Amino acid sequence: MQERYNSYSQYIRNTFGQRVQKISVDGGFTCPNRDGSKGRGGCTYCNNQTFNPAYTSAQKSITQQLNEGVAFFQKKYEAQLYLAYFQAYTNTYDTIERLEALYREALRHDKVIGLVISTRPDTISPQVVDLLQELAKDYYIVVEIGIESTLDRSLEHINRCHTYQDVIEAFDILKNKGIHLGGHLIIGLQGETVNDFIRHAEQISQLPIEFLKLHQLQIIKGTAMAKAYEASPERFNLLDVETYVNVVVSFVKHLRPDIILERFSSESPKDLLIAPNWGGLKNFEITEKIRKEMEHQNVWQGYSRT
Ligand code: SF4
């Protein structure tokens, strides 16, 4: 059946012809929004514990983390390819020598075919771009930038300590270098409306990205946002599942049709999640609801673009 949106699983099948699994690795990086160079305390929603599976720890070498990750996934699935996923904190924020050493250590692993590097837009220096461009000649390299919102007032409110212009500039120096580019966006930030979500889709469609991950705003224990939520929950307009599904469908209708939608939602560990409570629905169940709603409305990705 023809998908109504450009799906990541289809892209992986077409590109690699088999399963590709990301293994999270922790390179022991920090973040300019935590160490004081940009800000302190981090983004108000951020708790990096939500990113790290059990085998991931900066105390272990990258090789050991990859070995343990492969052992974990091999029990579930037989042969498959792996990408080392530098996910926690800001994975382009270190000396160029250390970045190169860690990236190359991951790429030396015999099961790893490439890297996914998650980062902030304001840490993409020309030296980082040169290094990634060099690696991209031989490996599959993805850079995933935290966009989170296209509205500066929202970015300020969540203490991102960068602007949307920083996002545009980061993609501008990364584009046309053989590096695969992706973005990450939060749907449901305080004060944002459906019109704002649609505006995000229109703005993001102008970026030179191949992939996009969406996730619902979640209140996670141990964050500044959790404190604000506990003090005044009425100031948050957390989306219930049905509203979220409809909002995502509207968003996708306004999104450039060639952007690959890698994820529609996020499942944070139960013991860390304060709200919203979606009754334990899994990501694939949310995806299925979005699929059904697109079918019901008879719409597809890019449907509302002029
Ligand atoms: S979300 Fe990313 S940029 Fe923000 S504080 Fe956490 S690690 Fe830093």
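What the table shows:
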{"quantity": "Of the criteria (1) more than 16 Å from the ligand (Cβ to nearest atom); (2) at pLDDT below 95; (3) not aliphatic (A, V, I, L, M), which one residue 49 fails", "calculated": "(1)"}
{"quantity": "Test result for residue 88, touching a residue at least 60 places away in the same chain (Cβ under 8 Å), in contact with a helix residue (DSSP H, G or I) (Cβ under 6 Å, 6 or more places away or on another chain) and not in a loop (DSSP other than H, G, I, E, B)", "calculated": "no"}
{"quantity": "Residue check, residue 23 in a strand (DSSP E or B) and not small (Gly, Ala, Ser)", "calculated": "yes"}
{"quantity": "Residue match in the range 269-277 (condition: closer than 25 Å to residue 157 by Cα, exposed (fewer than 15 other Cβ atoms within 10 Å of the Cβ), free of Cβ contacts under 8 Å to residues at least 40 places away in the same chain and more than 19 Å from the chain's Cα centre (by Cα))", "calculated": "yes"}
{"quantity": "Restricting the range 133-153 to residues that are in a strand (DSSP E or B) and closer than 17 Å to residue 116 by Cβ, the residue that is nearest to the ligand (Cβ to nearest atom)", "calculated": "146"}
{"quantity": "Residues satisfying the stated conditions in the range 154-180, i.e. under 30 Å from residue 108 (Cβ atoms) and away from the ligand (no atom under 14 Å from the Cβ)", "calculated": "171, 173, 174, 175, 176, 177, 178, 179, 180"}
{"quantity": "Every pair of residues 6+ apart whose Cβ atoms lie under 6 Å, when the first sits in the range 160-180 and is in contact (Cβ under 8 Å) with a residue 60 or more places away in the chain while the second is within 16 Å of the ligand (Cβ to nearest atom)", "calculated": "160/43; 161/33; 161/38; 161/39; 162/121; 162/122"}
{"quantity": "Criterion (touching a residue at least 40 places away in the same chain (Cβ under 8 Å) and polar (S, T, N, Q)) met by exactly one of 37, 125, 118, 57", "calculated": "118"}
{"quantity": "Neighbours by Cβ (under 9 Å, 6+ apart or cross-chain): first from the range 68-81, on the phi < 0 side of the Ramachandran plot and at pLDDT below 90; second exposed (fewer than 15 other Cβ atoms within 10 Å of the Cβ) and not in a helix (DSSP H, G or I)", "calculated": "79/18; 80/18"}
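The values are calculated or read from the model by the stated rules, or taken from the named source; none is laboratory data. Because the structure is predicted, anything quoted here is derived from the model rather than measured. Every residue, glycine among them, receives a Cβ derived from its backbone with ideal geometry; neighbour counts consider all protein chains shown.
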